[in-house]
1. What about ASP104, is it surrounded by fewer than 19 Cβ atoms within 10 Å (Cβ to Cβ), acidic (Asp, Glu) and under 13 Å from LEU152 (Cβ atoms)?
2. If only one of VAL95, VAL137 is on the phi < 0 side of the Ramachandran plot and buried (at least 19 other Cβ atoms within 10 Å of the Cβ), which one is it?
3. Look through region 98-152, keep the residues that are acidic (Asp, Glu) and in contact (Cβ under 8 Å) with a residue 60 or more places away in the chain, and return whichever of them is farthest from VAL56 (Cα to Cα).
4. Is there a residue in region 29-38 that is of a type in the set (Val, Ile, Thr) and in a strand (DSSP E or B)?
5. Since ARG100 meets every condition but one in (1) among the charged types (D, E, K, R); (2) within 18 Å of LYS24 (Cα to Cα); (3) touching a strand residue (DSSP E or B) at 6+ places or on another chain (Cβ under 6 Å), which condition does it not meet?
Amino acid sequence: MRTLAAAVLLAALALAGCSPGAPKGVSKDVLDEAVTAQIGDPNTCVLIGAAGSGAVVYQFGSHVTCGKAWPSCDSAEARTTDTLLKAVAHGAPPVQASCRSAPDGSRGVGWAAGPVSGHADLVYAAAMEGANTPPGVIIADKLRQAFERAGL
């Protein structure tokens, strides 16, 4: 039993080590707190990445949440937050979209992505999914406020 507990702890530490920190000059804790205050919930994923490459420098949300594919709202295909981040990093236009994520209309998904204001080298992408998800335009505005509060 002790060996199993040690293996689980080691795996958790290894996964935590794989998570990105925060953009240079920004505290991850402060940024996490600001995002949590604005839009954070268990089905929220926010990624900040390098413009041009899409390399992730910050992640809010679990790997499971951030890896989930949701309806894109602008085509028949589903996408992940990382897919959207990479598209915006490579020059795709900003996104502020929302649509139903459940066939019965009981749940929705909201998307927001674009450049991080004042940082030509950074872009962001976010997805929220749930019964009371705000529209993408609201998510974008709340993230702008969170980024400013955190010093971005």
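The values are calculated or read from the model by the stated rules, or taken from the named source; none is laboratory data. Being a predicted model, the structure only gives us computed values, none of them experimental. Note that each Cβ is placed from the backbone with ideal geometry, even for glycine, and that neighbours are counted across all protein chains shown.
1. no
2. Among VAL95, VAL137, only VAL95 is on the phi < 0 side of the Ramachandran plot and buried (at least 19 other Cβ atoms within 10 Å of the Cβ).
3. So, considering only residues that are acidic (Asp, Glu) and in contact (Cβ under 8 Å) with a residue 60 or more places away in the chain, the one farthest from VAL56 (Cα to Cα) is GLU129.
4. no
5. Result: ARG100 passes all but (2).
Condition check ((1) modelled with pLDDT of 95 or more; (2) closer than 18 Å to ALA146 by Cβ; (3) over 16 Å from the mean Cα position of the chain (by Cα)) across all residues:
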residue: ALA69; (1), (2), (3): yes, no, no
residue: THR81; (1), (2), (3): yes, yes, no
residue: ALA89; (1), (2), (3): yes, no, no
residue: SER98; (1), (2), (3): yes, no, no
residue: VAL109; (1), (2), (3): yes, no, no
residue: ALA112; (1), (2), (3): yes, yes, no
residue: PRO115; (1), (2), (3): yes, yes, no
residue: GLY118; (1), (2), (3): no, yes, yes
residue: MET128; (1), (2), (3): yes, yes, no
